[in-house]
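The values are calculated or read from the model by the stated rules, or taken from the named source; none is laboratory data. These numbers were taken from a predicted model, which means no experiment stands behind them. Methodologically, a virtual Cβ is constructed for each residue, glycine included, from the backbone with ideal geometry; neighbour enumeration extends over all protein chains shown. Ligands, DNA and RNA are excluded from the accessible area calculation, which covers all protein heavy atoms including side chains. Shrake-Rupley method; radii C 1.70, N 1.55, O 1.52, S 1.80 Å.
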Amino acid sequence: MGEIDDAIERADREAFTRQPPKTPKTLKGQIGYLIRQLGSAKAVARELGVTADSVNRYRRGARKHARADVAVRIDDAVRARWQPQVRKRRQKQAAASGGITVETRARFGYTAPVGTTDDGRFRRLTVHLPPAYAQRLFDARNAGAGDQQMRGIIAEGFKEIYFQDGGGRAMGLSDVEINDIDYLDLDY
């Protein structure tokens, strides 16, 4: 996963109305949940990269603890499927009326007219992007877009909202790029 995908995932997790089952306490519960979601122990085994027998041992309680790397994969698989309707509702609201707030510290580069500087530099920005950018970002993610394409959508939003101030300045500015992301966080 890229930085943008991770940021969307973190923002989705903030929307949970209930916390998913925790690994140390209820491995059996997590496996049961994954089997209900994916339909079979074989499908869960494929998802986790273990054998179907291991999945069935976890489900029966014959194995109380998974290896550390498998436990992380189990936790990630559960979180990825937890409360999909809550996620969809929040994303739909952001794309329809709320927009998306992007907080980042990254190097921004851009193409600017002659006589101005186009040297990229690190900036710490918190910018609220309109719903149209949220919709484009979610559509791109759902279509399987790469991190670079999603960065482009956010960079275009920064260009319009932050650098050009909605059409009030820097009209000759083009091709804003986000590079060297130190951190990126989304909220919607």
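What the table shows:
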{"quantity": "Subset of the stretch 171-188 (residues that are outside any strand (DSSP E or B) and either modelled with pLDDT of 80 or more or surrounded by 17 or more Cβ atoms within 10 Å (Cβ to Cβ) (or both))", "calculated": "173, 188"}
{"quantity": "Condition met for residue 102 (at pLDDT below 80, more than 30 Å from residue 44 (Cα to Cα), among the β-branched types (Val, Ile, Thr) and surrounded by 15 or more Cβ atoms within 10 Å (Cβ to Cβ))", "calculated": "no"}
{"quantity": "Residue check, residue 133 hydroxyl-bearing (Ser, Thr, Tyr) and either open to solvent by less than 60 Å² (accessible area, probe 1.4 Å) or free of Cβ contacts under 8 Å to residues at least 12 places away in the same chain (or both)", "calculated": "yes"}
{"quantity": "Among residues of the stretch 137-169, those that are open to solvent by 50 Å² or more (accessible area, probe 1.4 Å), more than 15 Å from residue 102 (Cβ to Cβ) and either part of a helix (DSSP H, G or I) or at pLDDT below 90 (or both), counted", "calculated": "9"}
{"quantity": "Top-ranked residue of the stretch 40-75 - restricted to ones that are over 15 Å from residue 28 (Cα atoms) and out of contact with any Lys or Arg (no Cβ under 7 Å at 6 or more places or on another chain), ranked as most open to solvent (accessible area, probe 1.4 Å)", "calculated": "46"}
{"quantity": "Scan of the stretch 41-62 for residues that are assigned to a loop (DSSP other than H, G, I, E, B) and within 27 Å of the chain's Cα centre (by Cα), ordered by number", "calculated": "49, 50"}
{"quantity": "The stretch 83-92: number of residues that are over 12 Å from residue 15 (Cα atoms) and either out of contact with any helix residue (DSSP H, G or I) (no Cβ under 9 Å at 6 or more places or on another chain) or open to solvent by less than 80 Å² (accessible area, probe 1.4 Å) (or both)", "calculated": "0"}
{"quantity": "Among (1) within 30 Å of residue 160 (Cα to Cα); (2) assigned to a helix (DSSP H, G or I); (3) open to solvent by less than 80 Å² (accessible area, probe 1.4 Å); (4) at pLDDT 80 or above, the one test that residue 31 misses", "calculated": "(1)"}
{"quantity": "From 87, 63, 10, residue being of a type in the set (Lys, Arg) and either at pLDDT 85 or above or more than 30 Å from residue 161 (Cα to Cα) (or both)", "calculated": "63"}
